[in-house]
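Let me begin by presenting the structure, written as structure tokens, before commenting on it.
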Amino acid sequence: MGMTMTQKILADAAGLSSVKAGDLIEARLSLVLGNDVTTPVAVRVFEEAGLKKVFDREKIAIVLDHYTPCKDIKSAELCTTARSFAKKHQIKNFFDVGQVGIEHALLPEKGLVVPGDVIIGADSHTCTYGALGAFSTGVGSTDMAAGMAMGLNWFKVPEAIKVVLKGSLKGYVSGKDIILHLIGLIGVDGALYKSLEFTGEGVSSLSMDDRFTIANMAIEAGGKNGIFPVDEKTLEYLKGRTDREPKIFSADDDAVYAQTVEIDLDTLESTVSLPHLPSNTKTVSQVKGIEIQQVVIGSCTNGRFTDLKIAAQILKGHKVADGVRCIVIPATQEIYMQCIEEGLAKIFIESGCALSTPTCGPCLGGHMGILDAGETAVATTNRNFVGRMGHVDSKVILASPAVAAASAVAGEIASPDDLKEA
Amino acid sequence: MGTGKVFKYNDNVDTDVIIPARYLNDPDPKALASHCMCDIDEDFAGSVKDGDIMVAGYNFGCGSSREHAPIAIQASGIKCVIAASFARIFYRNAINIGFPIMECQEAAEEIQAGDMVSVDFSTGTIKDETTGKTYHADPFPDFINGIIESGGLLKYYKKKQES
């Protein structure tokens, strides 16, 4: 029986010639990741277990991105714990304020991910690296501690849903619209315990940033991972970032899938997720006019350069509407610098946006843009659960950077196509 | 085995409602427990007692990977979560910290809030003492039982390293 792309990567990392869905395997890890929220718990577990050494100081990444620059004393204590551990074990890929970016934008940018890798991260959006043809999945702090000590972890080999992308995206429609549409189709547990394997002719037209956005939100469908085939765009992205050789796997022709879903990119429309589940999707045209008080453009989902570029194109010459706060957060220092060099920073500030240093901040209701009762935000982030961005009676509507920027100008949910020329 | 009172919730209970991110800056289990479920059930933390049981629908624990979620529930005194299904990271985390969870669609549907329920984790038996009905949860694979019997993932690996 043929194997899916994910199954082939896992078989290789487990030293097996083949695996099938349901097998329990132990796989070697290429990288173990944690952040300022999850690393301190992993450190406690690591130390309580009496562990003395990490398996490889070069294959661990600790990224202080969630509550940083520290929002309060308790979050400063979390960073102190993570910082001390990183120093003690000479963790090579330790990123503190000044170098830090949002982990899932930062690690690929720094060349820490290549195709064929097996990566666990104590953050649910670790599935992002599937965009580069790696197997990556979110785990908890105990898994992180075990991974740091052993360099391996257990996995149940997943079945896969094959997502066939047809045609190519039109106008302002983006990777975000593809993944929101898919979650709307299959539900927040539609891919529970499964891989989402993206394929079809539509893949080649997607930018790497679009692929990162799509793989990033596999977890919002309950998925174990989301993964893309490796093509010329993938290899081009890796150039200059790493000397490691990619290990390229592709699904067998006779691979068995639990389900196949087709998405026609030619006819796909801008899509949003209304409160309080990512699966509660509508096209923008169905929900235009919902009043908003805040817009957030950023996060591990949509804080990359092409995301900010499209937002800036739409904002250029316009002003953020009265009564709306628009917060723009480049995901990494490199992206921030690019925003300055290419004039995006000027556009954001002139249009009335707050431009922030990289942080996860408002996405999880941490800091830098907390909502009050009765407020609604349009956000390019990934979750719109009850209380996610602040007060239990606030609301989050998930959208693409283009829709978020257009909504910031309109003061209500809007399509970029409706904005008058500035 | 003792019985516990049931706290019942719907489908898709996410980790942001189990323990909102605004409280993750203090990872002390007791501090986490004091805010557990507050955004959907503000009475929970004040009324839950040691040995009580949580019952919920599909996809329990979806969302973030925060291990703080099962830690908060465990520290609140809840003995076991019974759900129709679990989100996979929550499932892993619960096993890894040795917190019992049971997957049983029928029990998740039929057991009501306030019922008195007893569970036997080793056999997967769930008994609703209020209605008298017995349910059987899907058994764990041996490998996972091995982790639980070792007392968690790290102890399992330690034992393996030493053997």
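The values are calculated or read from the model by the stated rules, or taken from the named source; none is laboratory data. On a predicted model such as this, the values are computed, not experimentally measured, just so you know. Positions of Cβ are backbone-derived with ideal geometry, glycine not excepted, and every protein chain shown enters the neighbour counts. With ligands, DNA and RNA removed, areas are computed over all heavy atoms of the protein, side chains included. Shrake-Rupley method; radii C 1.70, N 1.55, O 1.52, S 1.80 Å.
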inquiry  = Using a 7 Å offset from the Cα along the Cα-to-Cβ direction at both B:K30 and A:E201, what is the distance between the two label points in nm, to one decimal?
reply    = 6.5
message = 5 Å is the cut-off here: which amide hydrogens, built 1.01 Å from N in the peptide plane, fall below it relative to A:D393, excluding neighbours closer than 5 in sequence?
response = A:G374
query = Could you give the length gained on full extension between A:K288 and A:L235, defined as 0.36 nm per residue of separation minus the Cα-Cα distance, in nm?
reply = 15.1 nm
note = Given backbone amide H placed at 1.01 Å from N, residues whose amide H is under 5 Å from that of A:A61, ignoring those fewer than 5 places away on the same chain, are A:V32, A:L33, A:G34
query = Once the other residues with Cβ under 12 Å from the Cβ of A:R304 are scored (Lys, Arg +1; Asp, Glu -1), what is the net sum?
reply = -2
request  = Could you provide, to the nearest whole Å², the per residue accessible area of chain A with probe 1.4 Å?
outcome  = 35
ask   = Which of B:G46, B:G152, B:G132 moves the most in a Gaussian network model of chain B with Cα springs under 10 Å?
value = B:G132
inquiry  = Considering only C-alpha atoms, what is the centroid distance from segment B:11-66 to segment A:235-277, in Å?
reply    = 33
message = Could you compute the net charge surrounding A:T4? Neighbours are other residues with a C-beta less than 15 Å from the C-beta of A:T4; K and R count +1, D and E count -1.
response = -1
query = Given the options B:D39, B:D115, B:D26, which has the most mean-square fluctuation in a GNM of chain B, springs set between C-alpha atoms less than 10 angstrom apart?
reply = B:D26
inquiry  = Residues of segment A:169-202 losing 20 Å² or more of accessible surface, assembly versus chain alone, probe 1.4 Å, please list them.
reply    = A:V188, A:D189, A:L192, A:Y193
note = In whole percent, the fraction of accessible protein surface over segment A:271-418 that belongs to carbon or sulfur atoms, probe radius 1.4 Å, stands at 50
key: Interface area, A with B, accessible, probe 1.4 Å, both sides summed, Å² nearest 100   = 3800
remark   = The summed charge of the A:A404 Cβ neighbourhood (under 11 Å; Lys/Arg +1, Asp/Glu -1) stands at 0
task = Could you go through segment B:68-74 in sequence order and give the Karplus-derived ³J(HN,Hα) for each residue, using 6.51 cos²θ - 1.76 cosθ + 1.60 with θ = phi - 60°, rounded to whole Hz, and x for Gly and Pro?
result = 4, 5, x, 4, 5, 5, 4
inquiry  = Through the Karplus equation 6.51 cos²θ - 1.76 cosθ + 1.60, θ set to phi - 60°, convert the phi angles of segment A:109-119 into ³J(HN,Hα) values in whole Hz; use x for Gly and Pro.
reply    = 4, 7, x, 8, 10, 10, x, x, 5, 10, 10
key: Order by protection proxy (mean Cβ within 10 Å, highest first), peptides A:123-135, A:49-61, A:343-355, B:78-90   = A:123-135, B:78-90, A:343-355, A:49-61
ask   = Residues of A:144-153, mean number of Cβ from any other protein chain within 10 Å of their own Cβ, rounded to a whole number?
value = 3
ask   = Averaged per residue, what accessible area in Å² does chain B show with a 1.4 Å probe, protein chains only?
value = 39
query = Once phi is turned into θ = phi - 60°, what whole-Hz ³J(HN,Hα) does the Karplus curve with 6.51, -1.76 and 1.60 give for every residue of segment B:45-60, x standing for Gly and Pro?
reply = 4, x, 10, 5, 10, 3, x, 5, 10, 9, 10, 8, x, 7, 6, 5
key: Share of carbon and sulfur in the accessible heavy-atom surface of segment A:104-200 [1.4 Å probe, %]   = 48
ask   = Straight-line reach from A:K88: which lysines have Cα under 18 Å away, leaving out those fewer than 8 places along the same chain?
value = A:K52, A:K53, A:K59
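Average partner chain C-beta neighbours within 10 Å, per residue of A:71-77? Mind dumping the intermediate values first?
On the way: counts 2, 2, 1, 7, 3, 1, 3.
The shielding value for this peptide is 3.
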Farthest positive-ward along segment B:80-163 dipole, Cα basis, beta-carbon charges - from B:T123, B:A137, B:Y156 = B:Y156
message = Explain nothing, just the number: dipole magnitude of the protein assembly as shown about its Cα centre with +1 on each Lys and Arg Cβ and -1 on each Asp and Glu Cβ, in debye rounded to the nearest 20.
response = 1420
message = List the lysines whose Cα sits under 24 Å from the Cα of B:K133, skipping any in the same chain fewer than 8 residues away.
response = B:K5, B:K8, B:K49, B:K79
message = Can you compute the label reach from A:K319? Point 7 Å from Cα along the Cβ direction, backbone N cut-off under 18 Å, restricted to segment A:366-407.
response = A:406-407
Number of partner chain Cβ atoms within 10 Å, mean per residue of A:385-391 = 6
key: Of A:G202, A:G187, A:G317, the one that fluctuates the most in a GNM where chain A has Cα springs shorter than 10 Å   = A:G317
request  = Ignoring everything but the protein chains, give the 1.4 Å probe accessible area of A:L364 in square angstrom, nearest 10.
outcome  = 10
query = Roughly how many nanometres apart are two label points built 7 Å out from the Cα toward the Cβ at B:S150 and B:E42?
reply = 4.4
note = Sorted by chain and number, the residues with a modelled amide H under 5 Å from that of B:M102, at a separation of 5 or more or across chains, are B:V81, B:I82, B:A83
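In nm, what is the difference between 0.36 nm times the number of residues separating A:A76 and A:S250 and their Cα-Cα distance?
58.3 nm
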